[in-house]
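Worksheet: the structure to be examined is printed underneath.
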Protein chains: 2
Amino acid sequence: MKRYSWVWVLLLCFSVILNLLLASYVLIDGGNSKILSILRSTKEAEDVASISCSGHGRAFLDGILSTANNLEGANEDDPLPSCECNSCYYGADCSQFSPDCPADADSGDPMFLEPFWMKHAESSAVSGWHGTFISKELERHLQELHAVVGNANTTGKFMVFGAGSTQLLNAAIYALSPQDPPSPTRILGSIPFYPLYKSQINSKNFEWEGDTSMWKNTSFPSEYNSSVNFIQFVTSPNNPDAELKEPVLLEGPSVKTIFDHSYYWPHYTAIPALANEDLMIFTLSKLTGHASSRFGWALIKDQGVYERFLDYMSLNSFGVSRDTQLRTLKLLKVVLGTGKELFEFGHGTTRTRWESLNKVVSASKRFSLQKLISRYCTYFQNITVPSPAFFHAENLYVRLSLIKSQDDFDWLLQRMTALVSQEQVHEEHGGKTI
Amino acid sequence: MKRYSWVWVLLLCFSVILNLLLASYVLIDGGNSKILSILRSTKEAEDVASISCSGHGRAFLDGILSTANNLEGANEDDPLPSCECNSCYYGADCSQFSPDCPADADSGDPMFLEPFWMKHAESSAVSGWHGTFISKELERHLQELHAVVGNANTTGKFMVFGAGSTQLLNAAIYALSPQDPPSPTRILGSIPFYPLYKSQINSKNFEWEGDTSMWKNTSFPSEYNSSVNFIQFVTSPNNPDAELKEPVLLEGPSVKTIFDHSYYWPHYTAIPALANEDLMIFTLSKLTGHASSRFGWALIKDQGVYERFLDYMSLNSFGVSRDTQLRTLKLLKVVLGTGKELFEFGHGTTRTRWESLNKVVSASKRFSLQKLISRYCTYFQNITVPSPAFFHAENLYVRLSLIKSQDDFDWLLQRMTALVSQEQVHEEHGGKTI
């Protein structure tokens with residue numbers, strides 16, 4: 001009996017040690033849920049990878065969700081991305097073949113290397129790839145976000161993805177210009193404007209004409225294909241002065257308008273109403289801060305303009321990186337899943353910075369800040385005090401960015417404080433110019 | 001004693017069950033190393049996230065590696081990405097501040113939202129972001145790959161990233177054209193050429209002039225800034241006919257050349273020598289197959305041309321998605337880490353497809369395939385048989401893609417086989433036209 005109990009103690013010890021090892025492995029990071037969350041997102045990726053699509057298709061993490069019964073593992077509570085079938089195959093699991101399907105030997109998309117990456121999926125963290133360039137799931141999330149924030153009406157509008165607002169602004173100019181214009185299309189912005197607008201116009205098809213207000217009293221031809229065509233930029237809220245802007249020229253056959261709504265989010269402005277213009281541009285950079293992801297989207301009412309947009313995108317860069325689309329989708333899920341947190345954080349930070357700067361500058365006679373008014377915000381359901389990203393820039397003005405890192409802002413504030421107190425010292429010493 | 005041993009049995013049972021639960025959790029995917037590999041790559045991400053950079057900077061997964069002593073945890077065997085400091089901070093761990101540093105209030109990069117994403121890093125799988133647009137680490141890996149494959153000399157060349165070869169070809173035309181040309185720059189390609197070249201030329205600054213050979217006997221002005229400027233595309237291996245091409249026109253002050261080397265990889269061609277031209281374009285799409293990632297790079301000898309390239313990139317899309325750069329880096333690590341596997345797999349697949357197609361077509365009198373010759377490949381150190389991506393296209397020719405999925409190729413082969421056997425049946429019945 002003694003020998004038995006000794007064996008048992010040994011077994012128990014071994015088992016306990018194993019438990020400790022395993023538990024420490026699982027809880028390696030000190031008990032928080034990081035590993036669990038990684039396992040969860042890995043499980044999501046693996047669930048998707050395990051959808052076999054009969055060997056004739058692929059399911060993608062950002063594919064359209066489906067509850068189709070013949071998709072193994074999918075049900076109403078736990079929809080899975082649906083299969084995207086190889087050509088000539090169809091059905092929820094791509095098991096059907098259509099014998100009348102023509103053999104397609106076009107396209108240079110090198111799908112032949114896929115088996116290599118399936119084999120090395122682990123080390124490259126690649127679970128297949130997409131052959132198509134627009135994620136419908138991402139489009140749906142963007143529509144949902146606009147509905148929740150109440151800043152743009154997406155109903156009845158086409159959506160185009162681009163590499164940030166920069167590429168989309170180029171695409172918009174192209175899409176709104178006549179195909180073979182008798183004279184260059186004239187591009188207008190309202191002072192103060194974002195300087196990139198001007199430098200982008202580097203083709204003989206376009207001419208930068210400067211301030212819209214110069215053309216305010218012009219009467220424009222009322223028929224299409226007139227000899228002179230205008231495109232006006234309306235940046236609202238404006239960069240740099242944060243004002244909500246309206247078009248200066250009336251839209252008409254020879255006057256088209258691009259609404260740059262990059263800053264039309266509750267971090268930077270009150271949202272007084274749902275924007276519903278014919279061509280609106282948004283960018284991830286100003287929504288979430290991920291500037292280097294280069295992602296933006298356009299909402300377009302007219303189908304002809306939409307098709308010209310797609311033309312431009314396909315000639316210019318053949319669409320937007322699918323990796324970027326996948327990451328954007330992940331970010332949007334966080335934004336939508338955390339209630340008002342991003343907007344409250346963003347608005348809180350820019351407002352605090354604006355107030356600190358106001359406090360420093362209010363002691364100065366040399367410097368002043370532009371006056372901004374409070375407005376009712378339909379998103380926060382409250383009057384919101386100003387929280388601009390920048391402030392005014394002209395000859396006598398300077399644009400200060402309030403959206404850089406805290407280090408940058410703190411240092412700006414210190415230097416401003418030093419300048420203002422120098423001014424006071426100077427005054428006490430009799431007002432000599434320095 | 002009996003009661004004690006009962007307690008022990010219970011304890012042991014409990015412990016063993018816990019063992020089983022924990023073990024099954026750890027080995028959830030059936031004993032392969034997937035979870036371990038995920039934990040490893042997560043550890044990598046966490047190691048990087050844990051580099052504090054004194055709170056005044058960030059380290060990135062694809063940052064430049066450093067073994068600096070004052071970077072906690074870094075040593076010669078295990079270098080960590082170095083800190084990229086906020087402005088005005090410096091030192092390996094960003095702990096030094098330079099008080100003479102001017103406050104920078106320019107730039108619209110919205111870094112102010114970073115704390116929100118640091119907090120939600122788990123669910124969004126985001127470990128910070130980059131403010132800069134070129135990953136030096138990625139550049140280094142691309143240089144290494146060219147050296148290993150022996151297909152391009154990167155020494156003394158600038159590298160520019162673009163959204164696939166499409167955007168880089170646009171950028172190259174812009175960079176090689178005079179800034180304000182007296183007449184449109186004339187663009188030439190050699191028949192058969194990639195049709196996108198022609199459709200990309202949609203600006204009044206450029207004119208598509210068609211086949212290079214038409215200009216073969218022209219004598220070009222010998223001074224710069226002449227009234228007519230030419231750019232010739234040299235696609236080598238050519239799309240669609242897989243031929244290795246040389247420039248038709250002599251390079252000179254008014255004749256510039258763009259080498260499109262998208263297919264200059266051992267999957268598609270023998271590599272007879274190191275390419276060393278002044279402007280070469282490569283794309284991830286044809287190297288790894290990840291077409292939808294939209295990533296390519298240009299190697300540029302001349303600094304002036306390089307700067308015009310950067311201009312174009314910044315005006316057109318403000319650089320290339322950092323997410324795409326990070327994924328490309330991961331893919332390159334796999335390519336470099338698996339020896340010749342990718343190239344052997346790629347070459348094997350295209351060669352087999354080419355041979356199958358040849359076999360079917362050899363029975364036909366109506367169809368024939370172009371003749372391709374075997375060459376010595378410096379990479380495989382062997383004479384390699386042809387493995388083209390496409391074959392010839394003209395009025396009497398058709399381009400067939402051999403790099404699509406296996407399903408697509410199998411169906412193409414079946415349809416070709418049917419066509420050829422129909423031809424034989426037809427012949428046996430007296431040669432009536434069908």
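Coordinate-derived values only; no laboratory data. Predicted, not measured: the structure shown is a model, and the values here were computed from it. Here the Cβ is made from the backbone with ideal geometry for all residues, glycine too, and neighbour counts use every protein chain on show.
Could you tell me whether the range B:329-375 comes out rounded, prolate or oblate from its Cα gyration tensor? Rule is a ≥ b ≥ c as square roots of the eigenvalues, rounded for a/c under 1.5, then prolate if a/b exceeds b/c, otherwise oblate. Could the numbers behind the result be given before it?
Working: a/c = 4.09, a/b = 3.39, b/c = 1.21.
It comes out prolate by the Cα gyration axes.
If you put a point 7 Å past Cα along the Cβ direction, how far is that point for A:P115 from the same point in each other copy, in nm, smallest first?
Label-point distances to the other copies, shortest first: 5.4 nm.
If you keep only loop residues by DSSP, which GluC sites (Glu not before Pro) in the range A:187-260 have at most 13 other Cβ atoms within 10 Å of their Cβ?
Details: sites: A:E207, A:E209, A:E223, A:E243, A:E251; in loops: A:E223, A:E243, A:E251.
Those satisfying the criteria are A:E223, A:E251.
List, shortest first and in nm to one decimal, how far the label point of B:S362 (7 Å from Cα along Cα→Cβ) is from its counterparts in the other copies.
Nearest to farthest, the other copies are at 9.0 nm.
Of the cross-linked pairs A:K216/A:K340; A:K301/B:K198; A:K157/B:K119, which ones have a Cα-Cα span greater than 32 Å in the structure shown? Don't skip to the answer; put the middle values down first.
Numbers: A:K216/A:K340 40 Å; A:K301/B:K198 30 Å; A:K157/B:K119 34 Å.
The pairs that break the limit, which is 32 Å between Cα atoms, are A:K216/A:K340; A:K157/B:K119.
Within a Cβ distance under 14 Å of A:F343, other residues only, what is the Lys/Arg minus Asp/Glu net charge? Intermediate values should be presented prior to the final figure.
Details: positive: A:K286, A:K340, A:R351; negative: A:E341, A:E344.
Residues close to A:F343 contribute a combined charge of +1.
Please give the average number of partner chain Cβ atoms lying within 10 Å of the Cβ of each residue in A:333-340, rounded to a whole number.
Values: counts 2, 10, 3, 0, 3, 5, 0, 0.
The per-residue average across the peptide is 3.
Treating the point 7 Å from Cα along Cα-beta-carbon as the label, what are the nm separations from A:K198 to the other copies, to one decimal?
Copy-to-copy label distances at A:K198, shortest first: 4.0 nm.
Considering every residue in A:310-321, what mean count of other chain Cβ atoms within 10 Å of its Cβ is obtained? List each step's numbers first, then the result.
Numbers: counts 0, 2, 1, 1, 4, 8, 8, 13, 10, 6, 6, 14.
Shielding by partners across A:310-321 averages 6.
For a quick check: sort A:T154, B:T235 by the number of other beta carbons within 10 angstrom, fewest at the front.
Values: A:T154 19, B:T235 25.
Lowest to highest Cβ neighbour count: A:T154, B:T235.
Quick one: putting +1 on the C-beta of Lys and Arg, -1 on the C-beta of Asp and Glu, what dipole do you get for the range A:341-428 around its Cα centre, in Debye to the nearest 20?
Numbers: 10 positive and 10 negative charges, 56 e Å.
Charge dipole, the range A:341-428, about its Cα centre: 280 debye, nearest 20.
Using a 10 Å cut-off on Cβ to Cβ distances, tally the other chain neighbours for every residue of A:12-20 and report the average as a whole number.
5
Count the net charge of all other residues whose Cβ sits under 12 Å from the Cβ of A:K198, scoring Lys and Arg as +1 and Asp and Glu as -1. Could you put the intermediate results ahead of the total?
On the way: positive: none; negative: A:E207, A:E209, A:D211.
Residues near A:K198 contribute -3 overall.
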